Ligand code: TYD
Ligand code: MG
(Lines give C-alpha, C1' and ligand atoms only; values in the text may rest on other atoms or scores of the structure.)
(Ligands and ions follow the chains in the order given, each with its own letter.)
Protein backbone atom coordinates (compact mmCIF):
# COMPACT_ATOMS: atom_id res chain seq x y z
CA UNK A 1 0.00 0.00 0.00
CA UNK A 2 1.29 3.42 -0.89
CA UNK A 3 2.29 5.49 2.09
CA UNK A 4 -0.32 8.12 2.92
CA UNK A 5 0.81 11.65 2.40
CA UNK A 6 0.85 13.75 5.53
CA UNK A 7 0.78 17.47 6.11
CA UNK A 8 1.41 19.58 9.18
CA UNK A 9 -1.53 21.74 10.20
CA UNK A 10 -1.48 24.58 12.70
CA UNK A 11 -3.91 24.11 15.58
CA UNK A 12 -4.23 27.86 15.97
CA UNK A 13 -4.94 29.07 12.47
CA UNK A 14 -5.35 25.96 10.35
CA UNK A 15 -2.35 26.94 8.17
CA UNK A 16 -0.49 24.06 6.57
CA UNK A 17 3.14 23.21 5.96
CA UNK A 18 4.63 20.23 4.15
CA UNK A 19 7.29 19.62 6.84
CA UNK A 20 7.27 19.97 10.59
CA UNK A 21 8.64 23.26 11.84
CA UNK A 22 8.70 24.89 15.24
CA UNK A 23 6.81 27.94 14.08
CA UNK A 24 3.67 28.09 11.98
CA UNK A 25 4.52 29.82 8.70
CA UNK A 26 1.01 31.30 8.50
CA UNK A 27 0.35 32.80 11.92
CA UNK A 28 3.76 32.63 13.57
CA UNK A 29 2.58 30.66 16.63
CA UNK A 30 5.11 28.28 18.16
CA UNK A 31 4.72 24.52 18.54
CA UNK A 32 1.29 24.39 17.01
CA UNK A 33 1.91 22.23 13.95
CA UNK A 34 0.44 18.73 14.21
CA UNK A 35 0.58 15.95 11.71
CA UNK A 36 -2.58 15.43 9.68
CA UNK A 37 -3.34 13.28 6.69
CA UNK A 38 -3.43 15.13 3.40
CA UNK A 39 -6.94 14.42 2.21
CA UNK A 40 -7.63 13.95 -1.48
CA UNK A 41 -10.14 16.56 -2.61
CA UNK A 42 -13.54 14.91 -2.59
CA UNK A 43 -16.31 15.90 -4.96
CA UNK A 44 -18.44 17.93 -2.55
CA UNK A 45 -15.58 19.43 -0.60
CA UNK A 46 -15.62 22.81 -2.19
CA UNK A 47 -19.33 23.39 -2.34
CA UNK A 48 -20.09 26.78 -0.92
CA UNK A 49 -21.61 26.95 2.52
CA UNK A 50 -24.39 29.31 1.47
CA UNK A 51 -26.83 28.59 -1.32
CA UNK A 52 -25.62 30.07 -4.59
CA UNK A 53 -27.65 32.82 -6.22
CA UNK A 54 -27.32 35.04 -9.29
CA UNK A 55 -25.72 38.48 -9.01
CA UNK A 56 -28.26 41.06 -7.83
CA UNK A 57 -28.32 44.79 -7.23
CA UNK A 58 -28.28 45.65 -3.56
CA UNK A 59 -31.31 47.92 -4.01
CA UNK A 60 -33.33 45.07 -5.53
CA UNK A 61 -32.84 42.75 -2.60
CA UNK A 62 -35.65 42.73 -0.11
CA UNK A 63 -34.17 43.01 3.36
CA UNK A 64 -36.25 40.45 5.18
CA UNK A 65 -35.73 40.11 8.89
CA UNK A 66 -34.46 36.63 9.68
CA UNK A 67 -37.25 34.61 11.25
CA UNK A 68 -36.26 33.43 14.71
CA UNK A 69 -37.69 31.02 17.14
CA UNK A 70 -37.22 30.93 20.86
CA UNK A 71 -34.97 28.41 22.57
CA UNK A 72 -37.42 28.33 25.46
CA UNK A 73 -34.74 29.72 27.79
CA UNK A 74 -34.99 33.50 27.86
CA UNK A 75 -31.37 34.21 28.85
CA UNK A 76 -30.20 31.90 26.06
CA UNK A 77 -32.41 33.80 23.59
CA UNK A 78 -30.85 37.02 24.77
CA UNK A 79 -27.28 35.96 23.97
CA UNK A 80 -28.37 34.60 20.63
CA UNK A 81 -29.83 37.99 19.77
CA UNK A 82 -33.47 36.92 20.08
CA UNK A 83 -33.49 33.20 19.41
CA UNK A 84 -32.33 30.61 16.91
CA UNK A 85 -32.33 31.23 13.17
CA UNK A 86 -33.30 28.51 10.69
CA UNK A 87 -30.11 27.22 9.07
CA UNK A 88 -27.94 29.08 11.57
CA UNK A 89 -24.98 27.32 13.15
CA UNK A 90 -24.05 28.02 16.75
CA UNK A 91 -20.86 26.87 18.44
CA UNK A 92 -20.91 26.84 22.21
CA UNK A 93 -17.67 26.37 24.13
CA UNK A 94 -16.78 26.09 27.79
CA UNK A 95 -14.89 24.21 30.47
CA UNK A 96 -15.92 20.63 31.22
CA UNK A 97 -18.81 20.39 33.67
CA UNK A 98 -19.82 24.02 33.35
CA UNK A 99 -23.29 23.17 32.08
CA UNK A 100 -23.25 23.09 28.28
CA UNK A 101 -25.11 19.79 28.00
CA UNK A 102 -27.52 20.82 30.75
CA UNK A 103 -28.44 24.09 29.06
CA UNK A 104 -28.91 22.48 25.66
CA UNK A 105 -31.00 19.63 26.99
CA UNK A 106 -33.22 22.06 28.89
CA UNK A 107 -33.60 24.22 25.83
CA UNK A 108 -34.35 21.33 23.46
CA UNK A 109 -36.86 20.00 25.98
CA UNK A 110 -38.72 23.30 25.71
CA UNK A 111 -38.41 23.46 21.93
CA UNK A 112 -39.59 19.86 21.51
CA UNK A 113 -43.09 20.73 22.70
CA UNK A 114 -43.69 22.82 19.60
CA UNK A 115 -41.05 21.86 17.07
CA UNK A 116 -38.95 18.94 15.98
CA UNK A 117 -35.70 18.70 17.90
CA UNK A 118 -32.83 16.23 17.77
CA UNK A 119 -30.11 15.76 20.38
CA UNK A 120 -27.04 13.95 19.07
CA UNK A 121 -24.71 12.87 21.84
CA UNK A 122 -21.28 11.47 21.27
CA UNK A 123 -20.32 11.73 24.92
CA UNK A 124 -23.21 10.27 26.85
CA UNK A 125 -25.49 7.30 26.27
CA UNK A 126 -29.21 7.80 25.70
CA UNK A 127 -29.83 6.40 29.20
CA UNK A 128 -27.54 8.99 30.78
CA UNK A 129 -29.35 11.75 28.93
CA UNK A 130 -32.70 10.39 30.07
CA UNK A 131 -31.45 10.39 33.64
CA UNK A 132 -30.43 14.02 33.31
CA UNK A 133 -33.76 14.87 31.70
CA UNK A 134 -35.47 13.34 34.72
CA UNK A 135 -33.40 15.49 37.03
CA UNK A 136 -34.34 18.54 35.00
CA UNK A 137 -37.99 17.43 35.36
CA UNK A 138 -38.38 17.30 31.60
CA UNK A 139 -40.13 13.95 31.87
CA UNK A 140 -43.02 15.18 34.00
CA UNK A 141 -46.37 14.04 32.57
CA UNK A 142 -47.49 17.62 31.84
CA UNK A 143 -44.28 18.41 29.94
CA UNK A 144 -44.09 17.63 26.23
CA UNK A 145 -40.30 17.31 26.28
CA UNK A 146 -40.70 13.54 25.84
CA UNK A 147 -41.06 14.25 22.12
CA UNK A 148 -37.36 15.14 21.91
CA UNK A 149 -35.46 12.72 19.68
CA UNK A 150 -32.13 11.34 20.91
CA UNK A 151 -29.31 9.82 18.93
CA UNK A 152 -26.15 8.45 20.49
CA UNK A 153 -23.83 8.48 17.50
CA UNK A 154 -20.36 9.68 16.61
CA UNK A 155 -20.19 8.96 12.92
CA UNK A 156 -20.75 12.06 10.81
CA UNK A 157 -22.33 10.34 7.82
CA UNK A 158 -24.97 8.66 9.97
CA UNK A 159 -25.70 11.92 11.77
CA UNK A 160 -26.08 13.68 8.43
CA UNK A 161 -28.44 10.97 7.17
CA UNK A 162 -30.51 11.23 10.37
CA UNK A 163 -30.80 15.00 10.06
CA UNK A 164 -31.83 14.66 6.44
CA UNK A 165 -34.41 11.99 7.28
CA UNK A 166 -35.82 13.58 10.45
CA UNK A 167 -35.65 17.19 9.21
CA UNK A 168 -35.57 18.63 12.73
CA UNK A 169 -35.89 22.38 13.30
CA UNK A 170 -32.96 22.21 15.73
CA UNK A 171 -30.20 19.69 16.17
CA UNK A 172 -27.60 19.68 18.93
CA UNK A 173 -24.23 18.00 18.38
CA UNK A 174 -22.63 17.25 21.75
CA UNK A 175 -19.71 17.54 21.08
CA UNK A 176 -17.99 18.29 17.77
CA UNK A 177 -14.71 16.80 19.09
CA UNK A 178 -16.25 13.33 19.46
CA UNK A 179 -17.61 13.17 15.91
CA UNK A 180 -15.59 11.56 13.13
CA UNK A 181 -16.03 11.28 9.41
CA UNK A 182 -15.36 8.07 7.49
CA UNK A 183 -13.78 10.14 4.75
CA UNK A 184 -10.78 10.86 6.96
CA UNK A 185 -8.45 8.43 8.61
CA UNK A 186 -7.31 10.63 11.48
CA UNK A 187 -8.70 10.16 14.99
CA UNK A 188 -11.81 11.98 16.30
CA UNK A 189 -10.87 15.30 17.85
CA UNK A 190 -7.93 15.82 15.51
CA UNK A 191 -7.69 19.06 13.62
CA UNK A 192 -8.64 17.51 10.30
CA UNK A 193 -11.68 15.70 11.72
CA UNK A 194 -13.04 18.65 13.68
CA UNK A 195 -12.68 20.94 10.71
CA UNK A 196 -14.23 18.53 8.25
CA UNK A 197 -17.14 17.55 10.52
CA UNK A 198 -17.94 21.16 11.34
CA UNK A 199 -17.84 22.14 7.67
CA UNK A 200 -20.08 19.24 6.65
CA UNK A 201 -22.59 19.95 9.42
CA UNK A 202 -22.66 23.61 8.45
CA UNK A 203 -23.45 22.58 4.90
CA UNK A 204 -26.28 20.35 6.13
CA UNK A 205 -27.66 23.23 8.21
CA UNK A 206 -27.65 25.65 5.31
CA UNK A 207 -29.19 23.13 2.92
CA UNK A 208 -31.87 21.73 5.20
CA UNK A 209 -32.69 24.87 7.18
CA UNK A 210 -32.02 23.04 10.44
CA UNK A 211 -30.49 25.21 13.14
CA UNK A 212 -27.45 23.34 14.44
CA UNK A 213 -25.86 23.92 17.83
CA UNK A 214 -22.42 22.37 18.22
CA UNK A 215 -20.71 21.96 21.56
CA UNK A 216 -16.95 22.55 21.47
CA UNK A 217 -14.35 21.75 24.09
CA UNK A 218 -11.92 24.40 25.22
CA UNK A 219 -8.18 24.05 25.65
CA UNK A 220 -6.23 24.79 28.82
CA UNK A 221 -5.83 28.37 27.66
CA UNK A 222 -9.59 28.71 27.34
CA UNK A 223 -9.77 28.76 23.55
CA UNK A 224 -12.01 26.46 21.62
CA UNK A 225 -10.05 23.30 20.90
CA UNK A 226 -9.47 22.57 17.26
CA UNK A 227 -8.59 24.91 14.48
CA UNK A 228 -9.52 28.55 14.54
CA UNK A 229 -11.32 27.93 11.28
CA UNK A 230 -14.19 26.47 13.33
CA UNK A 231 -15.01 29.93 14.62
CA UNK A 232 -14.99 31.29 11.09
CA UNK A 233 -17.42 28.85 9.52
CA UNK A 234 -20.12 29.01 12.16
CA UNK A 235 -22.56 31.93 12.46
CA UNK A 236 -22.44 32.35 16.20
CA UNK A 237 -19.81 31.56 18.81
CA UNK A 238 -20.83 31.47 22.46
CA UNK A 239 -18.66 30.88 25.49
CA UNK A 240 -19.73 29.57 28.86
CA UNK A 241 -17.83 31.31 31.64
CA UNK A 242 -17.89 31.37 35.38
CA UNK A 243 -16.32 29.96 38.41
CA UNK A 244 -17.19 26.28 38.77
CA UNK A 245 -17.06 26.90 42.53
CA UNK A 246 -19.83 29.44 42.46
CA UNK A 247 -23.24 28.62 41.10
CA UNK A 248 -23.33 31.45 38.58
CA UNK A 249 -22.71 30.82 34.92
CA UNK A 250 -22.36 33.36 32.16
CA UNK A 251 -22.90 32.73 28.48
CA UNK A 252 -21.25 35.32 26.32
CA UNK A 253 -21.63 35.91 22.59
CA UNK A 254 -18.22 36.18 21.01
CA UNK A 255 -19.31 36.35 17.40
CA UNK A 256 -22.84 36.64 16.09
CA UNK A 257 -23.88 37.07 12.49
CA UNK A 258 -27.49 37.48 13.58
CA UNK A 259 -27.20 39.78 16.56
CA UNK A 260 -25.05 41.87 18.85
CA UNK A 261 -21.92 40.49 20.43
CA UNK A 262 -20.99 40.92 24.05
CA UNK A 263 -24.54 40.18 25.03
CA UNK A 264 -24.49 38.22 28.25
CA UNK A 265 -26.79 35.52 29.55
CA UNK A 266 -26.65 34.94 33.29
CA UNK A 267 -27.66 31.65 34.86
CA UNK A 268 -27.58 30.04 38.25
CA UNK A 269 -26.88 26.30 38.42
CA UNK A 270 -29.42 24.74 40.76
CA UNK A 271 -30.40 21.23 41.80
CA UNK A 272 -32.77 21.18 38.87
CA UNK A 273 -30.67 22.63 36.10
CA UNK A 274 -29.86 26.15 35.01
CA UNK A 275 -32.16 29.02 35.94
CA UNK A 276 -31.95 32.36 34.18
CA UNK A 277 -31.10 35.37 36.33
CA UNK A 278 -32.98 38.24 34.78
CA UNK A 279 -31.64 40.98 37.04
CA UNK A 280 -27.96 40.19 37.53
CA UNK A 281 -26.56 43.67 38.15
CA UNK A 282 -25.70 43.13 41.82
CA UNK A 283 -24.48 39.56 41.47
CA UNK A 284 -20.77 40.28 41.41
CA UNK A 285 -20.47 42.37 44.52
CA UNK A 286 -19.07 40.67 47.57
CA UNK A 287 -21.04 41.44 50.67
CA UNK A 288 -18.80 43.31 53.08
CA UNK A 289 -20.28 44.78 56.24
CA UNK A 290 -17.58 47.43 56.23
CA UNK A 291 -15.65 48.76 53.28
CA UNK A 292 -12.25 47.07 52.96
CA UNK A 293 -8.97 48.31 51.48
CA UNK A 294 -8.26 47.23 47.92
CA UNK A 295 -11.86 46.92 46.83
CA UNK A 296 -13.49 49.13 44.21
CA UNK A 297 -16.89 48.77 42.54
CA UNK A 298 -16.92 49.01 38.77
CA UNK A 299 -19.95 49.43 36.54
CA UNK A 300 -19.26 47.45 33.41
CA UNK A 301 -21.55 47.29 30.41
CA UNK A 302 -22.24 43.86 29.02
CA UNK A 303 -24.28 44.08 25.84
CA UNK A 304 -27.42 45.92 26.76
CA UNK A 305 -27.06 45.50 30.52
CA UNK A 306 -24.86 47.28 33.03
CA UNK A 307 -23.32 45.02 35.68
CA UNK A 308 -21.74 46.04 38.95
CA UNK A 309 -18.57 44.10 39.60
CA UNK A 310 -16.26 44.42 42.55
CA UNK A 311 -12.60 44.68 41.58
CA UNK A 312 -10.22 43.57 44.32
CA UNK A 313 -6.53 44.35 44.50
CA UNK A 314 -3.93 43.09 46.93
CA UNK A 315 -0.63 44.92 46.97
CA UNK A 316 2.02 43.43 49.21
CA UNK A 317 5.78 43.81 49.64
CA UNK A 318 7.59 41.53 47.22
CA UNK A 319 10.26 39.21 48.57
CA UNK A 320 11.66 38.26 45.20
CA UNK A 321 13.57 40.40 42.71
CA UNK A 322 10.75 40.28 40.12
CA UNK A 323 7.52 41.11 41.88
CA UNK A 324 4.44 39.18 40.80
CA UNK A 325 1.61 40.67 38.77
CA UNK A 326 -1.39 38.42 38.63
CA UNK A 327 -4.85 39.22 37.27
CA UNK A 328 -7.86 36.92 37.50
CA UNK A 329 -10.79 37.91 35.29
CA UNK A 330 -8.93 40.96 33.99
CA UNK A 331 -6.19 41.34 31.44
CA UNK A 332 -2.74 40.63 32.80
CA UNK A 333 -0.90 42.78 30.25
CA UNK A 334 -3.17 45.69 30.89
CA UNK A 335 -2.23 45.48 34.57
CA UNK A 336 1.44 46.05 33.79
CA UNK A 337 0.51 48.98 31.60
CA UNK A 338 -1.71 50.53 34.26
CA UNK A 339 0.98 50.17 36.92
CA UNK A 340 3.33 52.12 34.65
CA UNK A 341 0.72 54.87 34.23
CA UNK A 342 0.20 54.95 37.99
CA UNK A 343 3.90 55.48 38.59
CA UNK A 344 4.54 57.95 35.81
CA UNK A 345 1.51 60.18 36.25
CA UNK A 346 0.40 59.75 39.84
CA UNK A 347 3.82 59.06 41.35
CA UNK A 348 2.69 55.84 43.02
CA UNK A 349 5.38 53.19 42.63
CA UNK A 350 4.73 49.45 42.86
CA UNK A 351 8.05 48.13 41.57
CA UNK A 352 8.85 46.46 44.90
CA UNK A 353 5.30 45.20 45.44
CA UNK A 354 3.44 42.08 44.38
CA UNK A 355 0.14 43.07 42.78
CA UNK A 356 -2.79 40.64 42.64
CA UNK A 357 -6.04 41.55 40.98
CA UNK A 358 -9.38 39.77 40.95
CA UNK A 359 -12.84 40.36 39.52
CA UNK A 360 -15.32 38.93 42.03
CA UNK A 361 -17.59 36.08 40.99
CA UNK A 362 -15.54 34.59 38.16
CA UNK A 363 -16.67 37.21 35.67
CA UNK A 364 -14.24 38.12 32.87
CA UNK A 365 -13.91 41.78 32.06
CA UNK A 366 -12.34 42.78 28.79
CA UNK A 367 -13.50 46.36 28.41
CA UNK A 368 -10.99 49.14 29.16
CA UNK A 369 -13.63 50.94 31.25
CA UNK A 370 -12.30 48.82 34.13
CA UNK A 371 -8.98 50.73 34.21
CA UNK A 372 -9.95 53.39 36.70
CA UNK A 373 -11.40 50.81 39.09
CA UNK A 374 -8.19 48.78 38.88
CA UNK A 375 -6.00 51.78 39.71
CA UNK A 376 -8.19 52.98 42.57
CA UNK A 377 -8.28 49.47 44.04
CA UNK A 378 -4.48 49.22 43.79
CA UNK A 379 -3.81 52.56 45.45
CA UNK A 380 -6.37 51.74 48.15
CA UNK A 381 -4.63 48.45 48.94
CA UNK A 382 -1.21 50.08 48.87
CA UNK A 383 -2.29 52.77 51.34
CA UNK A 384 -4.33 50.22 53.29
CA UNK A 385 -7.25 52.64 53.26
CA UNK A 386 -10.70 51.59 52.10
CA UNK A 387 -12.45 53.65 49.45
CA UNK A 388 -15.51 55.54 50.70
CA UNK A 389 -18.72 53.60 51.12
CA UNK A 390 -21.13 53.84 48.20
CA UNK A 391 -18.41 54.71 45.69
CA UNK A 392 -18.37 53.30 42.18
CA UNK A 393 -16.30 54.14 39.12
CA UNK A 394 -15.76 53.48 35.45
CA UNK A 395 -13.45 54.94 32.82
CA UNK A 396 -10.56 54.05 30.59
CA UNK A 397 -7.07 55.28 31.49
CA UNK A 398 -4.79 56.26 28.62
CA UNK A 399 -1.01 56.10 28.54
CA UNK A 400 -0.79 59.85 28.98
CA UNK A 401 -2.70 59.54 32.25
CA UNK A 402 -5.92 60.91 30.79
CA UNK A 403 -9.29 59.40 31.65
CA UNK A 404 -11.31 58.57 28.57
CA UNK A 405 -15.06 58.24 28.40
CA UNK A 406 -16.83 54.89 28.33
CA UNK A 407 -19.78 54.03 26.12
CA UNK A 408 -23.29 54.32 27.59
CA UNK A 409 -22.19 56.22 30.66
CA UNK A 410 -25.71 57.35 31.57
CA UNK A 411 -26.99 53.76 31.72
CA UNK A 412 -24.14 52.85 34.04
CA UNK A 413 -24.84 55.78 36.34
CA UNK A 414 -28.54 54.97 36.50
CA UNK A 415 -27.98 51.32 37.32
CA UNK A 416 -25.56 52.09 40.16
CA UNK A 417 -27.86 54.79 41.55
CA UNK A 418 -30.74 52.29 41.47
CA UNK A 419 -28.70 49.88 43.59
CA UNK A 420 -28.07 52.54 46.22
CA UNK A 421 -24.57 53.73 45.30
CA UNK A 422 -24.05 57.40 46.10
CA UNK A 423 -20.66 58.60 44.82
CA UNK A 424 -19.48 58.27 41.23
CA UNK A 425 -15.94 58.94 40.03
CA UNK A 426 -16.26 59.00 36.25
CA UNK A 427 -14.67 60.49 33.12
CA UNK A 428 -15.48 64.15 32.56
CA UNK A 429 -17.02 63.41 29.17
CA UNK A 430 -19.50 61.03 30.81
CA UNK A 431 -20.71 63.58 33.38
CA UNK A 432 -24.50 63.87 33.26
CA UNK A 433 -25.97 67.22 32.16
CA UNK A 434 -28.69 67.10 34.78
CA UNK A 435 -27.88 65.97 38.30
CA UNK A 436 -28.89 62.39 39.08
CA UNK A 437 -30.95 62.14 42.23
CA UNK A 438 -29.08 60.78 45.23
CA UNK A 439 -25.79 60.69 43.36
CA UNK A 440 -22.72 62.82 43.87
CA UNK A 441 -20.81 62.84 40.60
CA UNK A 442 -17.08 63.57 40.59
CA UNK A 443 -16.00 64.04 36.98
CA UNK A 444 -12.26 63.65 36.42
CA UNK A 445 -9.92 64.19 33.50
CA UNK A 446 -6.67 62.72 34.77
CA UNK A 447 -5.61 59.80 36.92
CA UNK A 448 -3.78 61.95 39.49
CA UNK A 449 -6.91 64.07 39.82
CA UNK A 450 -9.05 60.96 40.39
CA UNK A 451 -6.70 59.72 43.13
CA UNK A 452 -6.59 63.14 44.85
CA UNK A 453 -10.37 63.50 44.74
CA UNK A 454 -10.85 60.06 46.25
CA UNK A 455 -8.34 60.82 49.02
CA UNK A 456 -10.17 64.03 49.83
CA UNK A 457 -13.30 61.99 50.44
CA UNK A 458 -11.88 60.17 53.46
P1 TYD B 1 -22.83 19.45 32.14
O2 TYD B 1 -24.00 20.09 31.52
O3 TYD B 1 -22.69 17.99 32.05
O4 TYD B 1 -21.49 20.14 31.65
P5 TYD B 1 -20.76 20.09 30.25
O6 TYD B 1 -21.65 19.48 29.28
O7 TYD B 1 -20.49 21.55 30.03
O8 TYD B 1 -19.50 19.35 30.48
O9 TYD B 1 -22.75 19.98 33.63
C10 TYD B 1 -22.96 19.19 34.66
C11 TYD B 1 -22.60 19.82 35.95
O12 TYD B 1 -23.65 20.57 36.47
C13 TYD B 1 -22.30 18.72 36.89
O14 TYD B 1 -21.10 18.99 37.56
C15 TYD B 1 -23.48 18.68 37.79
C16 TYD B 1 -24.12 20.01 37.68
N17 TYD B 1 -25.58 19.95 37.63
C18 TYD B 1 -26.30 20.56 38.64
O19 TYD B 1 -25.77 21.14 39.57
N20 TYD B 1 -27.67 20.53 38.57
C21 TYD B 1 -28.35 19.90 37.58
O22 TYD B 1 -29.59 19.89 37.57
C23 TYD B 1 -27.58 19.26 36.55
C24 TYD B 1 -28.26 18.56 35.42
C25 TYD B 1 -26.21 19.32 36.61
MG1 MG C 1 -21.41 17.67 28.25
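The values are calculated or read from the model by the stated rules, or taken from the named source; none is laboratory data. What you see is a predicted model; the values in this text were computed from it and never measured. Backbone-built Cβ (ideal geometry, glycine too); neighbour counts: all protein chains shown.
Values computed for the structure shown
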item	result
Residue 195 more than 16 Å from ligand 2 (Cβ to nearest atom), in the same structural domain as residue 102 (by TED's automatic domain parsing), within 25 Å of residue 32 (Cα to Cα) and buried (at least 18 other Cβ atoms within 10 Å of the Cβ)	yes
Residue that is assigned by TED's automatic domain parsing to the domain that holds residue 92, within 16 Å of ligand 2 (Cβ to nearest atom), under 27 Å from the mean Cα position of the chain (by Cα) and more than 23 Å from residue 88 (Cα to Cα), where the choices are 133, 126	133
Residue 90 assigned by TED's automatic domain parsing to the domain that holds residue 274, away from ligand 1 (no atom under 12 Å from the Cβ), surrounded by 23 or more Cβ atoms within 10 Å (Cβ to Cβ) and assigned to a helix (DSSP H, G or I)	no
Those residues of the range 402-429 which are part of a helix (DSSP H, G or I) and touching a helix residue (DSSP H, G or I) at 6+ places or on another chain (Cβ under 7 Å), in sequence order	409
Boolean, residue 432 is under 26 Å from residue 289 (Cβ atoms), assigned to a loop (DSSP other than H, G, I, E, B) and in contact with a helix residue (DSSP H, G or I) (Cβ under 8 Å, 6 or more places away or on another chain)	no
Candidates 84, 105 - the one that is under 23 Å from the mean Cα position of the chain (by Cα), assigned by TED's automatic domain parsing to the domain that holds residue 259, buried (at least 23 other Cβ atoms within 10 Å of the Cβ) and within 13 Å of ligand 2 (Cβ to nearest atom)	105
Selection within the range 110-123 - within 13 Å of ligand 2 (Cβ to nearest atom) and closer than 13 Å to residue 146 by Cβ	119
Every residue from the range 136-172 that is farther than 26 Å from residue 209 by Cβ, surrounded by 16 or more Cβ atoms within 10 Å (Cβ to Cβ) and over 27 Å from the mean Cα position of the chain (by Cα)	143
Answer residue from the range 244-290, given it is closer than 17 Å to residue 106 by Cα and within 16 Å of ligand 2 (Cβ to nearest atom) and is surrounded by the most Cβ atoms within 10 Å (Cβ to Cβ) among those	251
